[in-house]
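A.B. asks: Okay, here's the structure, questions in a sec.
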Amino acid sequence: MTGCKPSSTPVDTQGKLSEAEGNPVANPTAYQSLAGALQYLTFTRPDITYPVQQVCLHMHDPREPALKRLLRYLQGTVDYGLLLHRSPSTELVVYTDADWAGCPDTQRSTSGYTVFLGGNLVSWSSTRQQVVSRSSAEAEYRVVANGVAEASWLRQLLAELHMMDKSLLAGGCGLQ
Amino acid sequence: MVKLATVRTVLSLALARSWPVHHLDVKNAFLHGHLTETVYCSQPAGFVDSSRPDMIYRLNKSLYGLKQAPRAWHSRIAAFLLTLGFVEAKSDMSLFIYHHGAETAYLLLYVHDIVLTASSLSLLRRIISALQQEFPLKDLGVHLSSITFSESRSHC
């Protein structure tokens, strides 16, 4: 894959792959090992957190398309990292979103949140929800709860770091 | 294990206050832990005492590969940091906070890797030299791969 053509996006935006879609990979162990290694890359690459999470959903029966697309994206973006700006603010801002019944095999929803501290991205997550949500509101409030829990943990951390002057917490979620 | 959000929070606070950040590495970390349990070990091949080949060792300190090793090492360094005046953070086991008067330092511990930042260069140097007297230490300076600061640091 070292000579592959770069892709401008890390994942197919049309929809998620179901279990039996695409060709099985020739070497499942190599896929699993690569997917494990990519989880380390998400430490400084929020842009691939969602595609890596999707790749990891197929560990038991690896298929080609998702991982290949992600590797082609990485080919063009190997110099990406995390940029921290000098910011005097300790305001925490949380954004959350969920798709509703995004997983084609289980009808479960996918959660995503990001937490910014004074404009710097410090925490983010992309996970498939544990239970089936019966409405988009259900899917959304589950991820709001997780995002707020992360932010209150960060507030506690900031208090311990003697950084909490005024405990500001702002948020936005994907609900219309 | 240290939460990555803690690392990014501490680095972004250090950047906001223009504090020096150093990356330290403890050599042979797992050999420094003291064992509280009884662990025996056979004589290693090539180092068998010919007069007493049937005897075995009882270990005082931990070795790589022991299931006790990571915990023994963490207890050892945590106890030492407490003697320096650090406090273990409640929100993250791997974060140690030094806060005395106007002086503040944050220490992040990931097995044998340490990220240390302090409100002044003299405090940072004092802590590093105290650590060096207790453990063999490699000071990797300000090298932190993949995390970029948007402005160049004035002092390191």
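Read-outs: derived from the displayed coordinates by stated rules, not from any lab. All values derive from a computational prediction rather than experimental measurement. Neighbour counts are summed over all protein chains in view; Cβ atoms, including those assigned to glycine, are modelled from backbone coordinates with ideal geometry.
A.B. asks: Can you list the HN-Hα couplings for the stretch A:96-108, worked out from phi with the Karplus curve (6.51, -1.76, 1.60; θ = phi - 60°), rounded to whole Hz and with x for Gly and Pro?
C.D. replies: 10, 7, 9, 8, 9, 6, x, 6, x, 8, 10, 6, 7
A.B. asks: Of all alpha-carbon pairs in the protein assembly as shown, indicate the percentage at a distance above 39 angstrom.
C.D. replies: 28 percent
A.B. asks: Which of B:K3/B:K138; B:K3/B:K27; A:K5/B:K3; A:K5/B:K138; B:K61/B:K138; A:K16/B:K90 have a Cα-Cα distance over 31 Å?
C.D. replies: Going by Cα-Cα distance, A:K5/B:K3; A:K5/B:K138; A:K16/B:K90 fall outside the 31 Å limit.
A.B. asks: Using θ = phi - 60° and the Karplus relation 6.51 cos²θ - 1.76 cosθ + 1.60, list the HN-Hα couplings for the stretch B:46-58 in order, rounded to whole Hz, with x at every Gly or Pro.
C.D. replies: x, 10, 7, 6, 5, 6, 9, x, 8, 8, 10, 8, 10
A.B. asks: Give me a comma-separated list of calculated 3J(HN,Hα) values for the stretch B:105-113, in order, Karplus coefficients 6.51, -1.76, 1.60 applied at θ = phi - 60°, integers in Hz, x for any Gly or Pro.
C.D. replies: Karplus-based 3J(HN,Hα) across the stretch B:105-113 equals 9, 10, 10, 9, 10, 10, 6, 9, 9 Hz.
A.B. asks: Could I ask something else about it? To the nearest 20 debye, what is the magnitude of the charge dipole of chain A about its Cα centre, counting +1 on the Cβ of each Lys and Arg and -1 on the Cβ of each Asp and Glu? Please list the in-between numbers first.
C.D. replies: Details: 14 positive and 16 negative charges, 44 e Å.
Dipole of chain A, to the nearest 20 debye: 220 debye.
A.B. asks: Next question, about the same structure. Pick out which of A:A159, A:A35, A:A139 has the largest mean-square fluctuation in a Gaussian network model of chain A, springs linking Cα atoms closer than 10 Å.
C.D. replies: A:A159
A.B. asks: What does the net charge come to around A:E19 if you take all other residues with beta carbon closer than 11 Å to its beta carbon, with K and R at +1 and D and E at -1?
C.D. replies: My count for the surroundings of A:E19 gives -1.
A.B. asks: Hey, got the dipole for the stretch B:1-56? About the Cα centre, +1 on K and R Cβ, -1 on D and E Cβ, debye to the nearest 20?
C.D. replies: Working: 5 positive and 4 negative charges, 102 e Å.
It comes to approximately 480 debye.
A.B. asks: Related question: In deg cm²/dmol, rounded to 500, what helix-only [θ] at 222 nm does chain A give when every DSSP H run of at least 4 residues adds -39500 (n - 2.57) and the total is split over its residues?
C.D. replies: Value at 222 nm, helices only: -11000 deg cm²/dmol.
A.B. asks: Would you mind ranking A:T44, B:T6 so that the residue whose beta carbon has the fewest other beta carbons within 10 Å leads the list?
C.D. replies: A:T44, B:T6
A.B. asks: For the stretch A:1-153, state the semi-axes of the equivalent ellipsoid (square roots of 5 times the eigenvalues of the alpha-carbon gyration tensor), sorted largest first and rounded to whole angstrom. Can you show the working numbers first?
C.D. replies: Numbers: eigenvalues 151, 99, 26 Å².
Taking √(5λ) for each Cα gyration eigenvalue gives 27, 22, 12 Å.
A.B. asks: Search the structure for amide H atoms under 5 Å from the amide H of A:C173, placed 1.01 Å from N in the peptide plane, and list their residues when 5 or more places away or on another chain.
C.D. replies: Those qualifying (amide H under 5 Å, at least 5 residues apart or on another chain) are A:T96.
A.B. asks: Report the charge-dipole magnitude of chain B in Debye, nearest 20, computed about the Cα centre from +1 at each Lys and Arg Cβ and -1 at each Asp and Glu Cβ. Before the final figure, lay out each step's value.
C.D. replies: On the way: 15 positive and 11 negative charges, 19 e Å.
Roughly 80 debye, rounded to the nearest 20.
A.B. asks: Let me ask another. Please name which of A:L161, B:A14, B:L131 has its Cα lying farthest along the dipole of the protein assembly as shown towards the positive end, using unit charges on Cβ (Lys, Arg +1; Asp, Glu -1) and the Cα centre as origin.
C.D. replies: Positive-most Cα among the choices belongs to B:L131.
A.B. asks: If you don't mind, there's one more thing I want to ask. Taking each residue in B:8-20, count the Cβ atoms of any other chain within 10 Å of its Cβ, then average. What number comes out?
C.D. replies: Mean number of neighbouring Cβ atoms from other chains: 6.
A.B. asks: Considering the dipole of the protein assembly as shown built from charges on the beta carbon (Lys and Arg +1, Asp and Glu -1) around the Cα centre, which of B:V111, A:G36, A:V94 is farthest to its positive end?
C.D. replies: Most positive-ward Cα: B:V111.
A.B. asks: So for the protein assembly as shown, taking the charge dipole from beta-carbon charges (+1 Lys/Arg, -1 Asp/Glu), which of B:L59, A:T9, B:H99 sits furthest toward the positive end?
C.D. replies: B:L59
A.B. asks: Taking a cut-off of 20 Å, what percent of all Cα-Cα pairs in the stretch A:58-124 are separated by more than that?
C.D. replies: For the stretch A:58-124, the fraction of Cα-Cα distances above 20 Å is 58 percent.
A.B. asks: To the nearest whole number, what is the average tally of beta carbon atoms from other chains within 10 Å of the beta carbons of peptide A:154-161?
C.D. replies: If you average over the peptide's residues, the count of other-chain Cβ atoms is 6.
A.B. asks: Continuing with this model, one more query. Report, please, the projected area of the stretch A:1-67 averaged over directions, based on the convex hull of its C-alpha atoms, in nm².
C.D. replies: Across all orientations, the stretch A:1-67 yields a mean hull projection of 4.8 nm².
A.B. asks: Next question, about the same structure. Net charge near B:D25: determine it from the other residues with C-beta under 9 Å of the C-beta of B:D25, scoring Lys and Arg +1 and Asp and Glu -1.
C.D. replies: Values: positive: B:K27, B:K138; negative: B:D113, B:D139.
Around B:D25, the surrounding residues sum to 0.
A.B. asks: Under the rule of at least 5 residues apart or a separate chain, name every residue whose amide H is placed under 5 Å from the amide H of A:D99.
C.D. replies: Those qualifying (amide H under 5 Å, at least 5 residues apart or on another chain) are A:T110.
A.B. asks: Distance between Cα centroids, the stretch A:1-16 to the stretch A:23-79: provide it in whole Å.
C.D. replies: Computed from Cα coordinates, the inter-centre distance equals 11 Å.
A.B. asks: What Rg and what Dmax come out for the stretch B:1-97 when only alpha-carbon atoms are used, in angstroms?
C.D. replies: Expressed in Å, the Cα Rg and Dmax of the stretch B:1-97 come to 19.0, 64.
A.B. asks: Right, next: Which is the longest run of chain B containing none of the trypsin sites (Lys or Arg not before Pro) found in DSSP loop states (not H, G, I, E, B) with at most 14 other C-beta atoms within 10 Å? Each step should come with its number before you reach the end.
C.D. replies: Working: sites that count: B:R17, B:K27, B:K67, B:K90, B:R153.
Result, exposed sites excluded: B:91-152.
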